[in-house]
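Below is one structure; the comments refer to it alone.
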Amino acid sequence: MKLNLFVAATLLLVLVGINTSAAQDKTIVLVRHVEKDSSPTADKVDPELSAEGKARAERLAKVVKRYKPHEIFSTPFKRTRGTAEPTAKRRKKEIQTYDPAKPADLVNKIMDPASKTVHYLVVGHSNTIPSLANLLAKKEIFRNLLESEYGVIWVIRIKKGQLTRVEVHPY
């Protein structure tokens with residue numbers, strides 16, 4: 001009886017250890033919102049996507065399909081939500097809103113050891129996505145994007161809680 005209890009307790013500790021380790025294996029796809037409407041009649045504070053932006057958002061959904069995002073985060077702006085929507089619809093996921101002024105809160109949520117989610121898509125802005133990549137990488141690698149720069153994703157890979165690779169891909 002004591003041997004069975006010991007074996008069960010040991011097995012439980014091993015399984016908990018495996019689960020905690022697996023929770024720290026993450027793939028985080030970061031992307032700047034796609035092209036916004038810059039026409040004279042467009043909302044200057046919170047514009048919709050342009051036709052080119054809508055087409056790029058559809059391309060993005062095809063590209064990030066391979067990463068299978070289980071959670072999708074966006075800032076509260078129309079251009080970021082519009083960028084995430086095609087992926088969210090295809091994955092049948094809700095878009096969660098995050099505060100771009102509090103990037104550490106988002107990183108803490110993603111890296112929470114209690115989280116079972118391993119694949120994420122995060123949509124932000126020219127000045128927030130590079131800083132999120134730097135925060136996740138724990139070093140300054142990326143600069144803010146120019147206003148005209150679109151069509152790049154950052155793929156951050158973390159194994160056992162440690163950064164293993166940062167990839168940058170055009171789409």
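List of remarks:
- If R0 is taken as 41 Å, the Cβ-Cβ distance between Glu149 and Lys116 corresponds to a FRET efficiency of 0.75.
- Only Cα sites of the stretch 72-171 enter the Debye sum here, all with the same form factor; the resulting log10 I(q)/I(0) across q = 0.17, 0.19, 0.22, 0.24 1/Å is -0.81, -1.04, -1.42, -1.65, listed in q order.
- Leading residue at positive end of dipole, the chain (Cβ point charges), from Ala61, Pro100, Ser39: Ala61
- Flagged links, alpha-carbon separation over 24 Å, of Lys62/Lys139; Lys93/Lys116; Lys54/Lys159: Lys62/Lys139; Lys54/Lys159
- Taking His33, His125, His70 in turn, the Gaussian network model of the chain (Cα-Cα springs below 10 Å) assigns the largest fluctuation to His70.
- DSSP beta bridges fully contained in the chain are about 55 percent antiparallel.
- Selected from Ile129, Thr83, Trp154, residue furthest toward positive end of dipole (the chain; charges at beta carbon): Trp154
- The stretch 19-152 - percent relative contact order, Cα under 8 Å, separation 6 or more: 33 percent
- Amide hydrogen neighbours beyond the local backbone of Glu48, cut-off 5 Å, H modeled: Asp37, Asp43
- Cubic angstrom per residue, convex hull over Cα atoms of the stretch 44-84: 51 Å³
- Stokes-Einstein diffusion coefficient of the chain, Kirkwood radius over Cα pairs, 25 °C, 0.890 mPa s, in µm²/s: 143 µm²/s
- Here the chain is treated with +1 on each Lys and Arg Cβ and -1 on each Asp and Glu Cβ, and its dipole about the Cα centre works out to around 760 debye.
- Only DSSP H runs of four or more residues enter the estimate; each adds -39500 (n - 2.57), and after division by the residues of the chain the mean residue ellipticity at 222 nm equals -12500 deg cm²/dmol.
- The chain, accessible surface, carbon-and-sulfur percent (1.4 angstrom probe): 58 percent
- Using the Cβ of Ile153 as centre and a radius below 10 Å, the other residues enclosed give a net charge of 0, where K and R count +1 and D and E count -1.
- By the combined test of axial Cα extent (at least 27 Å) and Kyte-Doolittle hydropathy (mean at least 1.6), the qualifying DSSP H helices of the chain come to 2-23.
- Backbone N within the stretch 22-43 under 11 Å of label point (7 Å from Glu140 Cα along the Cβ vector): none
- Probing with 1.4 Å while keeping every protein chain in the model, the per residue accessible area of the chain equals 58 Å².
- Each of Thr97, Thr117, Thr83 has its accessible area taken with a 1.4 Å probe; listed largest first, they run Thr97, Thr117, Thr83.
- Cα-centred dipole magnitude for the stretch 93-171, charges only on beta-carbon of K, R (+1) and D, E (-1), debye, nearest 20: 480 debye
The values are calculated or read from the model by the stated rules, or taken from the named source; none is laboratory data. Since this is a predicted model, take the numbers as computed values, not measurements. All Cβ positions, glycine included, derive from the backbone under ideal geometry; neighbour counts span all protein chains shown. SASA here: full protein model, heavy atoms, side chains in, ligands and nucleic acids out. Shrake-Rupley method; radii C 1.70, N 1.55, O 1.52, S 1.80 Å.
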